[in-house]
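The block underneath contains the structure these notes are about, expressed in structure tokens.
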Amino acid sequence: MAVFTQVSLEDARAYLADYDIGEVLHLEGIEEGVSNTNFKVEATSGLYALTLFEAATPEDGLPWFMDYTLYLDRKGYPAPGPALKRDGQSLGRINGKSCALIKWLPGRWPRNPDTRHATSAGEYLAKLHLIGGDFPQIRENSMGLAAWPGLIARCEPRAAGSLRAQDILAEFREELGFLQTHWPSGLPVGAIHADYFTDNVLMSDDGKVTGVIDYYYACTDAYAYDLAVSLNAWGFTPGGQPMPQMISAFIKAYHATRPLSEAEVNALPLFARGSAVRFTLTRLYDLLNHDPSWVVKPKDPEAFYRRLDYHRGIKTGHTYF
Ligand SMILES: Nc1ncnc2c1ncn2[C@@H]1O[C@H](COP(=O)(O)OP(=O)(O)OP(=O)(O)O)[C@@H](O)[C@H]1O
Ligand SMILES: N[C@@H](CCO)C(=O)O
């Protein structure tokens, strides 16, 4: 469940009085999600999501996230742009947390995605880069290559009690050396989503993208890195086994919409290794610091760890096609 902070209908009405959204009719806590508190808001002017930002979302990134999603929304991309208060602000505070009222987007994220879903998702990732890539504000990737040594160090104290975690961290220290030496540079860079997982892509019943949500890791980085993150998210079974037909459907649709340069294709295996390390580490950190009394279940780091071996065996990015 993802209602970490309670908000009553009265609290919400008092806060939302600063917006021109009509009367607030209904407020419903959203069970899904692991990072922030979300409510569905029904007002006479339509549906919205009220998000309260919890500790996992960096406070100093909030203005960037709001401006970026507003930019995307205004350019016609299906992003949940923030509603603005009468004073023009998109951010506020409710019950001690920073919050935003954002557009409610239709659709449901695909529970059992097939190549049809992967095709539409690949097309919309490319559109995100084409439409929003030139967003003029810069935000460093706080979960990029430079952050991984620190993430390993933060996992280490808790890993003392787990031989498996120690093995993974020892291997990652070596892998990191390789990634740092070979990390591609000089590729096209712009605003990227950086967390384009199936549960962040809403779709219609016929498998077409209707909304892309959750921009709270978005940043300025290589488009090909965003593609590698997404291939890891869409192209593997929940247990971490590759599904080459899903990888192929996703990358072909991406390439048909935003053609990749040869240098970008060549960078993909390394970027995919890096992204496998990134998500294994954040999941491992969450698992090592998990308190069994918490209702949110930690995600499985092993499933991401398994992706690493697959990408190590890929000699050229053309294999993904
Ligand atoms: N703008 C929106 N439009 C429609 N549905 C939304 C919107 N925002 C959130 N939701 C719904 O709420 C659920 C949880 O939201 P979200 O994934 O953003 O939670 P989170 O805790 O911030 O993220 P995560 O679990 O990925 O870290 C989504 O799966 C979606 O069903
Ligand atoms: N998408 C991430 C979690 C939230 O960013 C994961 O699956 O590990």
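Residues that are acidic (Asp, Glu) and within 16 Å of ligand 2 (Cβ to nearest atom) number at least 3 in none of the strands (runs of 3 or more DSSP E) confined to region 1-91.
Report yes if SER293 is open to solvent by 60 Å² or more (accessible area, probe 1.4 Å) and of a type in the set (S, T, N, Q), otherwise no. The answer is yes for SER293.
Scanning region 121-146 for residues that are free of Cβ contacts under 8 Å to residues at least 40 places away in the same chain and either surrounded by 19 or more Cβ atoms within 10 Å (Cβ to Cβ) or within 22 Å of ASP199 (Cα to Cα) (or both) yields a total of 0. Residues of region 178-202 that are of a type outside the set (A, V, I, L, M) and either touching a strand residue (DSSP E or B) at 6+ places or on another chain (Cβ under 8 Å) or within 16 Å of ligand 2 (Cβ to nearest atom) (or both): PRO184, PRO188, GLY190, HIS193, ASP195, TYR196, PHE197, THR198, ASP199, ASN200.
When region 196-222 is filtered for residues that are open to solvent by less than 20 Å² (accessible area, probe 1.4 Å), in a loop (DSSP other than H, G, I, E, B) and within 15 Å of ligand 1 (Cβ to nearest atom), the ones remaining, listed by number, are TYR196, TYR215, ALA218. For region 21-64, name all the residues that are within 11 Å of ligand 1 (Cβ to nearest atom) and more than 12 Å from ALA100 (Cβ to Cβ). Answer for region 21-64, where residues must be within 11 Å of ligand 1 (Cβ to nearest atom) and more than 12 Å from ALA100 (Cβ to Cβ): GLU28, GLY29, ILE30, GLU31, GLU32, GLY33, VAL34, SER35, LYS40, LEU47, GLU54, ALA56. Figure legend. Inter-residue proximity from region 149-175: first residues acidic (Asp, Glu), second residues part of a helix (DSSP H, G or I), beta-carbon distance below 8 Å, spacing 6+ or different chains. Indicated pairs: GLU156/LEU169; GLU175/ARG273; GLU175/VAL277; GLU175/LEU308.
The values are calculated or read from the model by the stated rules, or taken from the named source; none is laboratory data. Everything numeric in this text was worked out from a predicted model, so none of it was measured. Counting neighbours? That spans all protein chains shown, and the Cβs are built from the backbone with ideal geometry, glycine included. All accessible areas refer to the heavy atoms of the entire protein, side chains included, with ligands and DNA or RNA removed. Shrake-Rupley method; radii C 1.70, N 1.55, O 1.52, S 1.80 Å.
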